[in-house]
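The values are calculated or read from the model by the stated rules, or taken from the named source; none is laboratory data. Since the structure is predicted, the reported quantities are computational estimates derived from the model, not experimental observations. Neighbour counts run over all protein chains shown; Cβ positions are idealised from the backbone, glycine included.
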Amino acid sequence: MPQILQNVVFPLDRDPDLLPLYVDPEVWSVIDDEPVRVSSRAQLGSILTRRTARIVSGRRVSFGTYFNAFPASYWQHWTSVRDVTLTVRTEGPATILVYRSTGSGVRQRLHSEEVAGKASTSFDLVLDQYSDGGFIWFDIVADDATAIFDGAEWTTEAEPVRSGGATIGITTYNKPDYCIWTLMSLADAPEVLELVDRVLIVDQGDRRVTAQPEYADVANRLAEKLEIITQPNLGGSGGFARAMTETVERGESDFVQLLDDDVRIEPESLRRSIVFGQYAAVPTLVGGHMFDLLDRPKLHAWAEVVDEVPFMWRTLNQDKLPHDFSVSNLRQTKMLHARLDADYNGWWMCLIPVEAIREVGGPLPAFIKWDDAEFCLRAGEHGYPTVSMPGVALWHVSWVGKDDSIDWQAYFHARNRIVAGLLHSRHPEGGTLLRHSRRMDLKHLMMMQYYPVALRHRALRDILSGPEHMRANLATAMPAARALAAEHPETIVHKDAGVPMRARMGRALFKNRTLHDLDNPTGLRLRVFTAVTLVSHWFHAPRHENLERPEVEFSKFDAQWWRLPKYDSALVSAADGSGKNIYTRDRAAYRRMLRESIRLHSRLRREWPKLSERYRAAANELTSLDAWRRTFEESR
């Protein structure tokens with residue numbers, strides 16, 4: 001019996017911004033090596049149902065899109081599936097054309113078939129030329145009359161390696177409205193629920209999912225598949241660890257599908273991730289990509305890696321992301337056709353085999369940040385690869401309107417990155433990790449951002465105290481970090497008009513305004529600038545009038561580390577645009593924190609080998625499911 005690998009679908013929402021991700025009816029030209037849309041024929045009225053659409057007479061529609069092209073290279077590389085059948089159902093006169101791409105994005109036609117009346121047309125395809133990348137897709141051209149596209153799917157006769165389903169684990173903290181939307185989407189997707197054994201909501205907030213007005217109805221529809229677990233706020237790592245632990249203990253699923261709470265799902269993506277996990281030649285973590293929930297055609301994360309020497313995460317092709325599919329669709333974007341191999345995938349959406357959890361344990365008790373990356377690195381060291389799968393994605397609130405490097409999360413950014421480095425870095429002292437950490441301190445100090453430096457130093461002291469601190473402060477580190485903000489007035493967001501919202505000199509302006517993001521010092525000039533600035537901040541006392549009222553105003557984008565140090569105080573827009581922060585030079589705090597930064601980083605460098613041994617020796621206890629069970633019991 002044929003197994004469905006991928007259904008062709010249209011968006012759940014009647015949202016024109018979503019259409020480019022599902023169907024590509026525009027006519028494109030290439031000018032100066034760049035794709036340019038010369039006419040648009042996208043019409044929501046042509047989408048009839050979730051699986052059907054109208055192809056207007058004389059028009060051509062391509063399904064070579066993010067959600068509907070078939071990622072042939074990933075199936076060839078990670079599974080033993082070699083024979084795939086594409087079946088397209090139509091009604092009316094039309095021509096179906098099947099294309100493939102190479103890893104460099106070159107298009108090649110494979111098949112062409114004219115159809116009439118009510119037709120079901122199949123194309124047999126072989127996955128044997130996609131080692132470096134490539135997709136397969138089809139176009140439909142309506143002839144002298146309007147045709148109906150009545151659905152399509154990609155199938156195989158090959159049997160899956162694993163036949164078990166998945167438990168969906170959603171961790172939430174005061175996002176009940178998002179969770180209800182996810183549950184309703186699942187209830188409306190029986191083809192997904194066929195592969196789902198249970199939906200676990202780990203509710204860690206005080207705004208409960210069960211209190212939502214839609215909960216009773218959706219709970220009735222999901223019936224015994226839905227379960228709500230409440231526990232104190234143990235962060236993302238604690239919530240996902242609970243979902244992992246419950247899934248392993250119950251023994252009813254082969255996978256746990258982790259989902260963040262502030263997301264919108266594409267149900268077909270969930271189905272595809274589970275099916276791909278079932279067919280993977282070796283047990284594999286299957287990750288989903290992240291689109292921007294507030295700018296829905298925009299892709300933020302494709303394949304993510306951890307660079308060894310600085311031990312820092314990044315996306316591949318980072319300089320070309322985020323990518324806007326409404327500007328350049330899949331067929332026009334050559335870089336997307338290469339197979340990109342990931343080191344890890346964010347836990348906004350990630351399928352994990354239960355056998356991997358049994359062998360490597362759960363996440364670090366990290367609360368947030370780096371728990372997903374560290375787990376995937378650890379799983380990879382045990383032979384469980386991570387695949388970030390095209391066509392598997394959701395929409396997540398992006399970091400565009402945030403700056404979590406200067407709020408309470410700065411503690412977790414610093415601590416968890418260095419702990420992950422102690423556990424996994426193969427370079428002495430983590431390569432350039434400590435040098436980069438010290439530079440982060442200097443940048444914050446020069447920008448008069450003393451709160452994140454205080455948090456970062458607390459993180460370093462905790463790291464030096466040993467691995468035991470991670471579970472000991474799992475429930476207290478976040479409230480303690482937030483409480484520390486009260487000691488740092490630059491954390492206050494001023495929202496009311498008046499003196500605090502006005503600078504003495506007005507808004508800062510720069511020459512070559514269109515190039516102001518390129519004026520940062522580099523090379524020798526960077527070293528001189530840094531040395532002069534550090535010395536100046538050590539000796540210079542701010543002028544009284546600049547403490548009474550901000551000296552200058554900056555937009556958030558303009559408030560760079562090489563500009564703020566020139567002033568005694570500055571009014572800077574908050575990242576989300578809700579108000580402004582006032583940064584003021586504090587010579588005493590600067591001197592104290594600079595000395596502490598040098599001391600802590602020097603000690604960390606000296607003790608790195610022994611600390612690494614301690615953390616690696618404690619890794620099994622930190623991540624074991626038994627330890628997590630004790631944590632859940634103690635937190636009741």
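Evaluate the following for residue 65: is it in the same structural domain as residue 22 (by TED's automatic domain parsing), in contact (Cβ under 8 Å) with a residue 12 or more places away in the chain and either within 17 Å of residue 152 (Cβ to Cβ) or small (Gly, Ala, Ser) (or both)?
Criteria met by residue 65.
Residues are listed down the side, and each one gets a yes or a no for (1) touching a helix residue (DSSP H, G or I) at 6+ places or on another chain (Cβ under 7 Å); (2) of a type outside the set (Phe, Trp, Tyr); (3) farther than 19 Å from residue 438 by Cα; (4) surrounded by 18 or more Cβ atoms within 10 Å (Cβ to Cβ):
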site: 583; (1), (2), (3), (4): yes, no, yes, yes
site: 590; (1), (2), (3), (4): yes, no, no, yes
site: 608; (1), (2), (3), (4): yes, no, no, yes
site: 613; (1), (2), (3), (4): no, yes, yes, no
site: 618; (1), (2), (3), (4): no, yes, yes, no
site: 622; (1), (2), (3), (4): yes, yes, yes, yes
site: 633; (1), (2), (3), (4): no, yes, yes, no
**OP:** Please give the number of the condition residue 152 fails out of (1) out of contact with any Pro (no Cβ under 6 Å at 6 or more places or on another chain); (2) over 30 Å from residue 57 (Cβ atoms); (3) surrounded by 21 or more Cβ atoms within 10 Å (Cβ to Cβ).
**Re:** (2)
**OP:** Hey, can you tell me all the residues within region 200-221 that are farther than 17 Å from residue 231 by Cβ and either among the β-branched types (Val, Ile, Thr) or not in a loop (DSSP other than H, G, I, E, B) (or both)?
**Re:** 215, 216, 217, 218, 219, 220, 221
Original post:
How many residues does region 381-402 contain that are buried (at least 18 other Cβ atoms within 10 Å of the Cβ) and either more than 25 Å from residue 135 (Cβ to Cβ) or in contact with a His (Cβ under 9 Å, 6 or more places away or on another chain) (or both)?
Top reply: 11
Subject >> Sole exception among (1) acidic (Asp, Glu); (2) in contact (Cβ under 8 Å) with a residue 12 or more places away in the chain; (3) in a loop (DSSP other than H, G, I, E, B) for residue 404, by number >> reply: (2)
Subject >> Checklist (1) closer than 30 Å to residue 259 by Cα; (2) surrounded by fewer than 20 Cβ atoms within 10 Å (Cβ to Cβ); (3) under 31 Å from the mean Cα position of the chain (by Cα); (4) not hydroxyl-bearing (Ser, Thr, Tyr) applied to residue 159, failing item >> reply: (3)
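Pick from region 83-113 the residues that are in a loop (DSSP other than H, G, I, E, B) and closer than 19 Å to residue 390 by Cβ: which of them is farthest from the chain's Cα centre (by Cα)?
Let us first name the residues in region 83-113 that are in a loop (DSSP other than H, G, I, E, B), namely 92-93, 102-106.
Going one step further and asking which of them are closer than 19 Å to residue 390 by Cβ, we end up with 102-106.
Values: 102: 27, 103: 24, 104: 25, 105: 25, 106: 28 Å.
For region 83-113, the residue satisfying everything is 106.
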Original post:
Can we say residue 362 is in the same structural domain as residue 244 (by TED's automatic domain parsing), surrounded by fewer than 22 Cβ atoms within 10 Å (Cβ to Cβ) and either at pLDDT 95 or above or of a type in the set (Gly, Ala, Ser) (or both)?
Top reply: no
**OP:** Filter region 123-149 for residues that are within 38 Å of the chain's Cα centre (by Cα), crowded, with 16+ Cβ neighbours inside 10 Å and assigned to a strand (DSSP E or B) and give the result.
**Re:** 123, 125, 133, 136, 137, 138, 139, 140, 141, 148, 149
**OP:** Return the only residue of 250, 272 being out of contact with any Leu (no Cβ under 8 Å at 6 or more places or on another chain) and either over 29 Å from residue 71 (Cβ atoms) or buried (at least 21 other Cβ atoms within 10 Å of the Cβ) (or both).
**Re:** 250
Subject >> Residue list for region 534-564, filter: touching a Leu at 6+ places or on another chain (Cβ under 9 Å) and assigned to a helix (DSSP H, G or I) >> reply: 534, 537, 538
**OP:** Mind listing whichever residues of region 96-122 are surrounded by fewer than 16 Cβ atoms within 10 Å (Cβ to Cβ), within 17 Å of residue 149 (Cβ to Cβ) and hydroxyl-bearing (Ser, Thr, Tyr)?
**Re:** 112, 120, 122
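Can you spot a residue in region 345-358 that is over 19 Å from residue 274 (Cα atoms) and not in a helix (DSSP H, G or I)? Even if it seems obvious, please write down each step before you answer.
Start the filter on region 345-358 by keeping residues that are over 19 Å from residue 274 (Cα atoms), which leaves none.
The answer is no, given that none of the residues of region 345-358 is over 19 Å from residue 274 (Cα atoms) and not in a helix (DSSP H, G or I).
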Original post:
If we keep just the residues of region 508-545 that are of a type in the set (Phe, Trp, Tyr) and closer than 17 Å to residue 445 by Cβ, which is modelled with the lowest pLDDT?
Top reply: 529
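Based on this model, can you work out whether residue 116 counts as of a type outside the set (S, T, N, Q), out of contact with any Ser or Thr (no Cβ under 7 Å at 6 or more places or on another chain) and closer than 25 Å to residue 386 by Cα?
On the way: of a type outside the set (S, T, N, Q): yes; out of contact with any Ser or Thr (no Cβ under 7 Å at 6 or more places or on another chain): yes; closer than 25 Å to residue 386 by Cα: no.
No: the conditions fail for residue 116.
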